[in-house]
Amino acid sequence: MISGPSNMKVTGIIAEYNPFHSGHAYHIQKARELTGADYIVVAMSGDFVQRGGPAVFDKYIRAQMALLGGVDLVLELPCAFACSTAQEFAGCGVALLNQLGVVNYLCFGSECGDIHELKRAVAFMDEEPPGYSAVLQKHLKEGASFPAARQTAFEAVWGTGNRWPFDHLLSSPNNILGLEYCKAIQSQRASLTPVTVLRQGAGYHEPMASPSHKEPGRFASASGIRQALYEEFPYGEWKDNNLENSGISSFETFSGTPYLPPAVRSLFSQSRPLWPEDFSALLNQKILDAVSLCQSDPFSQYSDFSLDLSQRLKKFALDFSGWEDRVVQLKTRQYTYTRVNRALTRLLLGLKKDAIQDFKKRNYVFYARILGFRRTAAPLLTEIKKSSRIPLISSPSAALHILSDPALHQLNQDLYASHLYQCAYEQRYHTDGKAIRNEFNRKMLVL
């Protein structure tokens, strides 16, 4: 077992908590039990998430939910990789936790619940049988997602009529992420021991209305809670100029309430969400800015845009659609909803391919930004300050004076993403100058 400098046991989790629910609290509890952890550290997505689009609640609200749900320290996952492919999302999360110098374990949920099976699959995939790479690259160039292209490639080289032995691992989203975590630990030679918890309750995409949610002890999925939140409190009904009457006024009737830990319910009820449609005007401006430069290929410089997808968006540039209509315009069999959604998010945030490739070459992340911690985690912070290979940041304004490129570039991207989120929030809820917050006047959370 790998041990931290003071023999404290620290377990890391990579998460979005979009939003935080009882299944997440269960995972944190099991992570602590399985690893004997003294502290739980979470690398959490900021205001934009892995499948593209904004988080339903801002990063400070979600960080507070995590702390109330049992986490000791919440760090922000840089936006360059928070809204990225599973491979890059996992790579950045592993790099961030590993460079702290104190984290012993990485604990994640999976549908298979068997770490040995996941490791065996990674070892098998690392062998890359003859012909695998060529088929993989062919399907990636055609626009397939990496997991889909990888499965097709393995099926092709495994042989007609033979079932690839790990097919079931590539059909479930948490298994896919689990494989990427194991691969990232291996490729980075990270001092993290992977541990998995069997995912309980609803499937990743399972709606709240499904019969399985009625089973005793079931956990809802985050996507099911978001869908119920959107349907029960429609988009247009959130427009509320009265800050004293904010949040979900009839929260007690919300179907998702039973699936939230009691500790976070009051915070959830006081919070107000944002949806992709809230960013439609900002996205349209970004599209106009790009095409106004009269380039033949205005969007391919942004991550997740192929030349073909760039041309499709250019064709529809002057159709001033909402966010979801944009996705429908661009979605094809080749370009999935997630791929288009993520490409639009990266365009909105100005995330360009060259910068992201440069970050990856330099081990993904250059600092650890604290969003919040528990007072009882003071010894953990002391150990991180002693052992971390990257600076620990508690104040963005102070960090701007000590960082240099490319770290400064990465931090500015994170600040820009959060300020866009706050801009959309102000537009939606019209705070009229009251309690307007930005990254320079918001303090990290201390519970």
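The values are calculated or read from the model by the stated rules, or taken from the named source; none is laboratory data. Keep in mind the model is a prediction, meaning the values are calculated, not measured. When we count neighbours, we look across all protein chains shown, and the Cβ atoms used for this are built from the backbone with ideal geometry, even at glycine. Protein only, heavy atoms only, side chains kept; ligands, DNA and RNA dropped before computing areas. Shrake-Rupley method; radii C 1.70, N 1.55, O 1.52, S 1.80 Å.
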Mean projected area (nm²) of the alpha-carbon convex hull when segment 291-445 is viewed from all directions: 12.5 nm²
Computed lengthening from E232 to S255, 0.36 nm per intervening residue step minus Cα-Cα distance: 7.4 nm
Cα-based Rg and Dmax for the chain, where Dmax is the largest Cα-Cα distance (Å): 21.5, 65
Using a Förster distance of 45 Å, the FRET efficiency for F440-A134 (Cβ separation, nearest 0.05): 0.35
Computed accessible area, H168, all protein chains, 1.4 angstrom probe, square angstrom: 80 Å²
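So if a site counts as exposed when it's one of the trypsin sites (Lys or Arg not before Pro), its DSSP state isn't H, G, I, E or B, and it has at most 13 other Cβ atoms within 10 Å, what's the longest stretch of the chain without one?
1-162
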Kirkwood-type radius of segment 318-389, with distances r between different C-alpha atoms, in Å: 16.1 Å
E142 versus N412: modelled label distance in nm, points set 7 Å from Cα along the beta carbon direction: 4.1 nm
Nearby aspartates and glutamates by direct alpha-carbon distance to K286 (threshold 18 angstrom, same-chain neighbours under 8 apart not counted): E277, D278, D297, D304, D319, E324, D325, D414
Solvent-accessible surface (1.4 angstrom probe) belonging to S110, in square angstrom, nearest 10: 0 Å²
Longest site-free stretch - the chain; sites: GluC sites (Glu not before Pro), DSSP loop, at most 15 other Cβ within 10 Å: 143-447
Contact order normalised by residue count of the chain, Cα under 8 Å, 6+ apart, percent: 22 percent
Extension gain from T382 to T332, taking 0.36 nm per residue of separation minus the Cα-Cα distance: 12.9 nm
Residues whose placed amide H lies under 5 Å from that of L77, excluding near-sequence neighbours: M44, S45, G46
Space enclosed by the convex hull of the alpha-carbon atoms of segment 1-91, per residue, Å³: 103 Å³
Nearest-0.05 FRET efficiency for A398 and H168, computed from C-beta distance (R0 60 Å): 0.80
FRET efficiency, W158 to K315 (Cβ-Cβ, R0 60 Å, nearest 0.05): 0.95
Solvent-accessible ranking of S221, S321, largest area first, probe 1.4 Å: S321, S221
Of P379, P273, P54, the one that fluctuates the most in a GNM where the chain has Cα springs shorter than 10 Å: P379
